[in-house]
Amino acid sequence: MKGCFISRSATADFATGTAVARKHFDFCAAMHRLCADICGRHSAFAHIDMERVVVTYAQTRSPVEWGMMAKLTPMRLEGGALTEVRDGRKWTCQRVMHNGREMLYMLTFYLPRFQNQTYQEKLVTVFHELYHISQSFDGDIRRFAGSCYMHTGSQANYDRQMEVFLGQYVEHGAPERLREFLKYDFSVLSRIAGTVIGLRLPIPRMVPVEDVA
């Protein structure tokens, strides 16, 4: 674990809704709990096992509020393959072990930029990234027909569908306490919950198989 930004003493426990004395808020743990609840409550995400998805954060260096908010990194290639051949060389994705298990996906949130979106935008972003996970949960991404295989040809339409999923999730009785931390921008979250910490890991890269060996 690596902490970031300013330490505060105090505060609110977003898992239980009660005030407790604490020195930090684990963003990645809170996000993992929220994602696990989404996957357990909404049929469109029921194929996802969050124990094989590691949630991490990356710290944005630019003060601008536009840019990448989150990123899903698959640990396998098309169809769940471990290797592919490019220009006569065999390549594979770097492996990531977490809590004694090999991960199939890495879900990274860019802080503080992600946290400074609106509440609705943050939730849609979470659904957006989770929906990229293949229906087969084989380490590959969900692939749509056509050249724009990631967003069905229109990211705007894709995100409108995520808004529908979000509405259904809330209607299914999703506990508000799990997403309460998303109601605050980063400075407010830090002020009321203490130092924001989380798991930081480098984004896996494609590497030649001979280098792995």
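Which order, highest average first, do 156-167, 68-79 follow once you tally other Cβ atoms within 10 Å for each residue and take the mean per peptide?
Working: 156-167: 14.5, 68-79: 17.9.
Listed from highest to lowest mean packing, they are 68-79, 156-167.
Quick query: amide H of Thr56 versus all other amide H atoms, modeled in the peptide plane; which residues come in under 5 Å with a sequence gap of 5 or more or a different chain?
Under 5 Å from the amide H of Thr56 lie the amide H atoms of Leu107, Thr108, Phe109, each far enough along the sequence or on another chain.
For His98, which sequence-distant residues (separation of 5 or more, or a different chain) have an amide H within less than 5 Å of its own amide H, given hydrogens modelled in the peptide plane?
Met103
Using θ = phi - 60° and the Karplus relation 6.51 cos²θ - 1.76 cosθ + 1.60, list the HN-Hα couplings for the stretch 93-107 in order, rounded to whole Hz, with x at every Gly or Pro.
The phi angles translate into 8, 4, 8, 10, 9, 8, 6, x, 10, 7, 7, 9, 8, 10, 10 Hz.
Quick one: compute the contact order of the stretch 90-208, relative version, from alpha carbon pairs under 8 angstrom and 6+ residues apart, as a percent. List each step's numbers first, then the result.
Working: 87 pairs, mean separation 45.7, N = 119.
After rounding, I find 38 percent.
Using the Karplus curve 6.51 cos²θ - 1.76 cosθ + 1.60 with θ = phi - 60°, work out ³J(HN,Hα) for each residue of the stretch 177-182 in order, rounded to whole Hz, and write x for Gly and Pro.
With the stated coefficients, the stretch 177-182 comes to 4, 6, 10, 4, 5, 7 Hz.
Which value, in debye to the nearest 20, gives the size of the charge dipole of the stretch 42-194 about its Cα centre, when Lys and Arg are +1 and Asp and Glu are -1 at the Cβ?
On the way: 18 positive and 17 negative charges, 86 e Å.
The calculated dipole for the stretch 42-194 is roughly 420 debye.
If you plug each phi of the stretch 184-199 into the Karplus form 6.51 cos²θ - 1.76 cosθ + 1.60 with θ = phi - 60°, what whole-Hz ³J(HN,Hα) values come out, in order, with x for Gly and Pro?
10, 6, 5, 5, 5, 4, 5, 5, 8, 10, x, 4, 8, 10, x, 8
Readers should treat all values here as calculations from the given coordinates under stated rules, not as data from a laboratory. As the structure is a computational prediction, the values presented were derived from the model and not from experiment. Neighbour counts are summed over all protein chains in view; Cβ atoms, including those assigned to glycine, are modelled from backbone coordinates with ideal geometry.
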